[in-house]
Amino acid sequence: MLKDQASKLRALMREARQTHTIAVTSGKGGVGKSNVALNLAVLLSAAGNRVALLDADLGLANLDVLVDVPTRVNLAHVVAGQRSLRDVVVDLPCGVQLVPGASGLARMADLNEFQRSKLVQDLGSLEEENDIIVVDTGAGIGRNVITFASTADTVLVVTTPEPTSITDAYAVIKVLIRQGFAGRLNLLVNFAADRNEARSAFSRVASVARQFLAAEVFDAGYVLTDPKVPAAVRRRQPWVLAYPRCPASRCLAALATKLCRKDGLLTQREGFFRRVANWLA
């Protein structure tokens, strides 16, 4: 199943390579954001792209746990000048370059201007080596989250059908719009019982954003509630690899295909990390 999906995606990505940045974010924690970011990166890599996955959840990073990769060094060491970026990058078997974040380090969650600038400079090399950079931000509307999300080409806001999650997703969208976000805003409904529930959740956010923010939020689809997803987490494997035929894999494959189309969700602007630096200036 995964090979068939990858073949279709490769056919869509034979155009000239350009670096795109996709920030995966959420207003509320516990909505499966990091897992979505990981599995989406795997699918985009399977499509023939060079993909980097940046764990920008500074302070509560956990992507290394999801893929069972022990990391002795991370972004904290890069910021401190103790390691180069190449020292901390982990080349995953699925073809994705993982840049691990700094779990449990409070100072990483509140970087000063000098530290942010150094981090941006070091991460700039990712744009030279990859076609797509998937950025797993933290949850909420803190400065670090908005910094990475607002300067991406495409933002994927992950929510669930729960009212609190929908409310918090709208809050993120509102902050991004007020910060002048110029990319494409997309909403993905995770843990949906069925298509109708997902469509209802999307419509609520999209209609309110259109009415009160004069902003267009695009439908990125949904991922069905699937017991294979937590099973894959327990196995510490991406669910699209552990269970490529499960409903959740099929749902996310649909999003990956949409992202790869010329008229899909991807837009491109120059220099993601340069934009991050300018945003922080």
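Only the coordinates and a few stated rules stand behind these numbers; no lab work does. Here the structure is a predicted model, which is why all the values come from computation and not from measurement. Note that we place each Cβ from the backbone using ideal geometry, even for glycine, and neighbour counts take in every protein chain shown.
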Full extension from R261 to A214: what is 0.36 nm times the residue separation minus their Cα-Cα distance, to one decimal in nm? 14.3 nm
Quick check: pseudo-label points 7 Å beyond the Cα along Cα→Cβ at R86 and R234, how many nm apart are they? 4.2 nm
If you rank L255, L44 by fewest surrounding Cβ atoms within 10 Å, what's the result? L255, L44
With unit charges on the beta carbon (Lys/Arg positive, Asp/Glu negative), name the residue among V172, A206, P230 whose Cα is farthest towards the positive pole of the charge dipole of region 145-257. P230
Peptides 220-226, 77-83: what's the order by average Cβ count within 10 Å, highest mean first? 220-226, 77-83
Simple SL model, points at 7 angstrom along Cα→Cβ for Q121 and S203; separation in nm is 5.2 nm
Cleavage-rule hits (chymotrypsin sites (Phe, Trp or Tyr not before Pro)) in region 176-216: DSSP loop, at most 11 neighbouring Cβ within 10 angstrom: none
So the FRET efficiency between D194 and R143, C-beta based with R0 = 35 Å and rounded to 0.05, is 0.40
Three-way shape label, region 106-252, alpha-carbon gyration tensor, a/c 1.5: oblate
Taking S165, S45, S125 and counting other C-beta atoms within 10 Å, the order from fewest to most: S125, S165, S45
